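Colleague: This is the structure, below, for whatever I ask next.
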Amino acid sequence: MHGERPVYENEWVTVGLADISMPSGERFEHHTVVLPAAAMTVVLDDAGEHVLMAWRHRFVPDVWNWELPGGLLDVGETPAETAAREVEEETGYRPRSVEHLVTFEPMIGMVRNAHHVFLARGAERVGDAVEVNEGRFEWLALADVPELIAEGRIVNSGSLVGLLHVLALSGSTAPSRAQ
């Protein structure tokens, strides 16, 4: 990359043009989008059999789906601190532990938007949720997650990456479906 200039900026998004060269030698401007980093957490109950998720609507794609608790990193906050804070603010539960699972870029071709995914093993109810627009949180059976994914009831990238990671670590597999 030879340089990049912003075209539009606010606190939520920066759209830019990057001057790049391809391996072939072709040089051109490419659009870039930068979004704030986010952290989300797969919160398992003490038995490791249920996951805490919110049923919520996302107006941009007009989708209802189950999502993990999470949000944007505050200035000066580590991804792990964000993960723990967001769980407590959105659900009223405090994670007993928070361990990093994976960091990924959901749209690596044009968007910079690191997603940090964590696993919390166990949670203690410490009060009511203070964020009121985050959906309806419920404990869902982890064993039901493959079916919820197959039915299109979990479609957001952070939740999919986190849940599939946890299922892979546990050795769970999706049920076979007739072709």
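Colleague: How many residues are of a type in the set (F, W, Y) and in a strand (DSSP E or B) when one looks only at the stretch 8-31?
Modeller: Initial filter on the stretch 8-31 (of a type in the set (F, W, Y)): 8, 12, 28.
Keeping just the survivors that are in a strand (DSSP E or B) gives 8, 28.
So the count comes out to 2.
Colleague: Is the stretch 57-66 home to any residue that is of a type in the set (K, R), assigned by TED's automatic domain parsing to the domain that holds S97 and surrounded by 14 or more Cβ atoms within 10 Å (Cβ to Cβ)? Even if it seems obvious, please write down each step before you answer.
Modeller: First, the residues of the stretch 57-66 that are of a type in the set (K, R): 58.
Adding the requirement that they be assigned by TED's automatic domain parsing to the domain that holds S97 leaves 58.
When the remaining residues are screened for being surrounded by 14 or more Cβ atoms within 10 Å (Cβ to Cβ), the result is none.
No, the conditions are met nowhere in the stretch 57-66.
Colleague: Kindly state which strands (runs of 3 or more DSSP E) lie completely within the stretch 32-86 and contain at least 3 residues that are more than 30 Å from D19 (Cβ to Cβ) and modelled with pLDDT of 95 or more.
Modeller: The strands (runs of 3 or more DSSP E) meeting that bar are 38-44, 50-58, 63-67.
Colleague: Further question on the same structure: Please work out which one of (1) assigned by TED's automatic domain parsing to the domain that holds N156; (2) closer than 21 Å to E105 by Cβ is the condition V15 fails and give its number.
Modeller: (1)
Colleague: Which condition number does R5 fail, the rest of (1) over 25 Å from F137 (Cα atoms); (2) charged (D, E, K, R); (3) in a helix (DSSP H, G or I) being met?
Modeller: With respect to (1) over 25 Å from F137 (Cα atoms); (2) charged (D, E, K, R); (3) in a helix (DSSP H, G or I), R5 is out only on (3).
Colleague: Do we have V111 as touching a Leu at 6+ places or on another chain (Cβ under 9 Å), within 30 Å of E4 (Cβ to Cβ) and assigned by TED's automatic domain parsing to the domain that holds R56 here? Show your work before the answer.
Modeller: Numbers: touching a Leu at 6+ places or on another chain (Cβ under 9 Å): yes; within 30 Å of E4 (Cβ to Cβ): yes; assigned by TED's automatic domain parsing to the domain that holds R56: yes.
It is true that V111 is touching a Leu at 6+ places or on another chain (Cβ under 9 Å), within 30 Å of E4 (Cβ to Cβ) and assigned by TED's automatic domain parsing to the domain that holds R56.
Colleague: Going through the stretch 95-120 one residue at a time, which ones are part of a strand (DSSP E or B) and crowded, with 17+ Cβ neighbours inside 10 Å?
Modeller: First, the residues of the stretch 95-120 that are part of a strand (DSSP E or B): 95, 99-104, 111-112, 115-120.
Selection gives P95, L101, H115, H116, V117, F118, L119, A120.
Colleague: Just to be sure I understand the filter: pairs with C-beta atoms under 7 Å, separated by 6 or more residues or on different chains, first member in the stretch 29-55 and free of Cβ contacts under 8 Å to residues at least 24 places away in the same chain, second member surrounded by fewer than 20 Cβ atoms within 10 Å (Cβ to Cβ) and in a loop (DSSP other than H, G, I, E, B). Which pairs pass?
Modeller: none
The values are calculated or read from the model by the stated rules, or taken from the named source; none is laboratory data. Quick caveat, the model's predicted, so the values are computed rather than measured. We place every Cβ from the backbone using ideal geometry, glycine too, and count neighbours over all the protein chains shown.
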